[in-house]
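The structure appears below as structure tokens.
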Amino acid sequence: MLGAWYTLIDAVLPFQWAGHIFMKNALLAVLLITPLFGLIGTMVVSNKMAFFSDALGHGSFTGIAIGTLLGLVNPTYAAIIFSVVFALTITTIKEKSRESADTIIGVFSSLGVALGLVLMSLGGGFNKYSSYLIGDLLSITPEQILVLVLVFIAVIVCWLFIFNKLLLVGINSSLAASRGIKTLPVEMVFTCIVAVVVTISIQWVGLLIINALLVLPAASARNITGNVRRYTFTAIGIAMLSGLSGLIASYYFNTATGATIVLVSGVFFFISLALKNKYN
Amino acid sequence: MGNDKEKGYQGFSCSGLCCTKIENFGVTIGTTKILEDVNIHIHCGELTAIIGPNGAGKSTLLKAILGDLKHTGQLRYLDAKGERTGHPLIGYVPQHLSFDTNTPTSVLDLFNACNTKAPTWLLSTKKSEDRARRSLSIANAEHLTKKRLGALSGGELQRVLLALALDPVPDLLLLDEPVSGIDQKGLEMFYSTVSELRKKYDLSIILVSHDLDLVEQYADRVILINGTVVLSGTPEEVFNDERTSQIFGISWYNNRTKSESEVR
């Protein structure tokens, strides 16, 4: 299947950057990851969960450390389980406690990253983990792309069913409750989706900037749209466009791919901010 | 039901009408008891107004009825034929819809998200749009269908929320101080719309309000709450009771006599 993709790229994009196998893989990964980030980013931004998703990134960092300590070849699966548990814990405590949500997320976020750092430095060999901080999209393997495809399909299916409820909960939880929506389970499912997507992409995008990738496309789309459909598709469009141009730019300038993508999204954000006044 | 001291409480049978019963409601948040031992009985086609001082637990009661807040006690509903019982279908107009005014959500999106299974981010059908327009026209808000939620004025938003609360037609309509952020004209329009709807759909309405003049004019029954049900009866009974003027104080009493003399 991947062979067909390589042939297609050779036919459609006869450029130097697209000539390498690792670039073809990275391109496919970008086309899978960025629409997901655009899609779930819309609700992360609308439900004011930017800080929360940042904490989830820190949680999955710890998950990877645990996975590695357990001696797993691919620590990602342990990380997914850990960050889902981490996400559900924060959501539950946030719900039960009278402490402000900000404080609770802040506590968990710092504990997550601290525990991760302690576990990773345990053997003294911290260097092998540095790729999780910065991310290395160009090292993605065909097997990992297959996992991405599965996650992509699963998230889209979930999104078809959960979106309307999530939208209402985000607008006002009392209003949502009056329409028979159980807000906590909806939030739980959503945080799990974010946790899985963040964890699975962290090794390619990097802990330091993964949240920017989630927030920037949606935040830009928000400035220039007035209904949900346009919001969603504009966010997806901006995410994919930033992903593609960031990937190509990083090839030619020899820079970190994830960070370059984030910079391009940042440019889109400021353009949308300038357009906002015109639009309203 | 012998332990019900509440005036006007009529036992379990609903005398051939549909009714909603709130039985022994209590709400405790943390260690603070906000409401206890609340018993209310509402018939269809009745507008029941809930009044009380600030912090009496009025909005809390509505949220408990909605199921948005944990509570003790039961909410029971019985339709006119005595066939369908259980949890009533509730329409809710919040006190003040606090939402991010930048949200890229249109009025139509809100209706679709509430009333259709089709994911709003992917498609919007002609059928669902027609339904939203029809509902909005009940509250004279048809022209707002494509507007962004954040671009609505206070009065417009209130009408949109009322239209939403009436689609589908609920068994019980909860209105939480729908008057805040609306001018006097919009306020009277809102009350007269609600009053009309009550007759047209034979709705049970619970209205939390601070505007005692309008309550006196439109409500069928008034319930005074202060941590529990203090008084319950017709507007006349409640407003002429000593406990009402005690709770609302002298300034309220003076205003009331003043506005009454203005009317007469």
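Look at (1) touching a residue at least 24 places away in the same chain (Cβ under 8 Å); (2) charged (D, E, K, R); (3) over 30 Å from residue A:183 (Cβ atoms) and you find that residue A:54 fails only one, number (3).
The set of residues in the range B:43-65 that are surrounded by fewer than 22 Cβ atoms within 10 Å (Cβ to Cβ) and among the hydrophobic types (A, V, I, L, M, F, W, C) comprises B:44, B:56.
The residues of the range A:241-263 that are closer than 16 Å to residue A:206 by Cα and among the aliphatic types (A, V, I, L, M), listed by number, are A:247, A:256, A:259, A:261, A:262, A:263. Are any of the residues in the range A:104-115 at pLDDT 85 or above, touching a Lys or Arg at 6+ places or on another chain (Cβ under 6 Å) and either not in a helix (DSSP H, G or I) or not charged (D, E, K, R) (or both)? Checked against the condition, which is being at pLDDT 85 or above, touching a Lys or Arg at 6+ places or on another chain (Cβ under 6 Å) and either not in a helix (DSSP H, G or I) or not charged (D, E, K, R) (or both), the range A:104-115 yields at least one hit.
Regarding the range A:171-185, can at least one residue be identified that is at pLDDT 90 or above, in a helix (DSSP H, G or I) and under 18 Å from residue A:42 (Cα atoms)? Yes: the range A:171-185 contains one or more residues that are at pLDDT 90 or above, in a helix (DSSP H, G or I) and under 18 Å from residue A:42 (Cα atoms).
Picking from residues in the range B:89-123 that are in contact with a Pro (Cβ under 7 Å, 6 or more places away or on another chain) and of a type in the set (A, V, I, L, M, F, W, C), the one that is nearest to residue A:42 (Cα to Cα) is B:93.
For the range A:44-85, a residue qualifies if it is surrounded by fewer than 23 Cβ atoms within 10 Å (Cβ to Cβ), over 29 Å from residue A:172 (Cβ atoms) and of a type in the set (Phe, Trp, Tyr), and exactly one does: A:77.
Matching residues to (1) under 15 Å from residue A:95 (Cβ atoms); (2) within 8 Å of another protein chain (Cβ to nearest Cβ):
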| residue | (1), (2) |
| --- | --- |
| A:150 | no, no |
| A:153 | no, no |
| A:162 | no, no |
| A:167 | no, yes |
| A:173 | yes, yes |
| A:186 | yes, no |
| A:190 | yes, no |
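The sole residue among A:119, A:56, A:88 that is within 19 Å of the chain's Cα centre (by Cα), over 20 Å from residue A:209 (Cα atoms) and part of a helix (DSSP H, G or I) is A:88.
Take the conditions under 19 Å from residue B:111 (Cβ atoms) and over 15 Å from the mean Cα position of the chain (by Cα) and apply them to residue A:166. Does it pass? Answer is yes for this residue.
Counting the residues of the range A:145-170 that are farther than 30 Å from residue B:118 by Cβ and either without any contact (Cβ under 8 Å) to a residue 40 or more places away in the chain or buried (at least 21 other Cβ atoms within 10 Å of the Cβ) (or both) gives 1. A single entry from B:74, B:95 fulfils the requirement of being within 13 Å of chain A (Cβ to nearest Cβ) and either surrounded by fewer than 23 Cβ atoms within 10 Å (Cβ to Cβ) or of a type in the set (D, E, K, R) (or both): B:95.
Residues checked against (1) within 25 Å of residue B:129 (Cα to Cα); (2) crowded, with 16+ Cβ neighbours inside 10 Å; (3) aromatic (Phe, Trp, Tyr); (4) in contact with a strand residue (DSSP E or B) (Cβ under 8 Å, 6 or more places away or on another chain):
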site	(1), (2), (3), (4)
B:144	yes, yes, no, no
B:149	yes, yes, no, yes
B:192	no, no, no, no
B:205	no, yes, no, yes
B:215	no, yes, no, yes
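When residue B:39 is tested against the conditions (1) modelled with pLDDT under 85; (2) assigned to a strand (DSSP E or B), the lone failure is (1).
The values are calculated or read from the model by the stated rules, or taken from the named source; none is laboratory data. From a predicted model like this one, the values you see are computed outputs, not experimental measurements. FYI the Cβ positions are ideal-geometry reconstructions off the backbone, even for glycines, and counts take in every protein chain you see.
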